[in-house]
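In what follows, a structure is listed as structure tokens, so that the remarks can point back to it.
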Amino acid sequence: MTKKLETLFNMDTPEEIKPVEPPKPEDAAPVPHFTLAEKLEEFDKIAAALPKVKGLGDISDAELEDLSKKAEQAFDDLMDLGMQVEARYGSRIFEVATNMLNAAITAKNAKINNKLKMVELQIKKLSVDKKHGEKTGDAIEGEGYIITDRNSILQKLKDLNK
């Protein structure tokens, strides 16, 4: 660079420029690393924890699971293809692969949301049944008093110690 440009742009001369040191690893905060497989395992664990529900909405769980698997397979295929083509074409392929991954995640989310809605409806039904006097078990409704005898209380206390 010439002296005129350096003075015009108020830049340092090459002798005055000091190399910048990269930050030390212990100074930097650790960046969490997530893989697709870990996230999908979390989705599957959530789906397994929820009760099996059929007939909710127009799309069943099996259809959403099939769509998710197809989108994941398309993502893997497009990622492989993107690595094998020229860089100028690869960017568009990676963009489409990202859309496929987004479709898989959306299908999993829809499946989980459907199950959560069904659980919410079941809880609401139980509360309505309870309000209308339908008994849902062996519990006896009362006004805060428990009627029992001394022997049953002693038996329950013995069982607690075991």
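What to note about this one:
- Hydrodynamic radius by Kirkwood, which averages 1/r over all alpha carbon pairs of the stretch 54-132, in angstrom: 14.8 Å
- Taking 0.36 nm per residue of separation and subtracting the current Cα-Cα distance, fully stretching the chain between ASP149 and ASN109 would add 9.2 nm.
- Charge tally for ILE105 (other residues, Cβ to Cβ under 12 Å; Lys, Arg +1; Asp, Glu -1): +1.
Read-outs throughout are calculated quantities, based only on the coordinates presented, and are distinct from any laboratory measurement. All of these numbers come straight from a predicted model, not from anything done at the bench. So basically every Cβ, Gly included, is an ideal-geometry build from the backbone, and we count neighbours across all protein chains shown.
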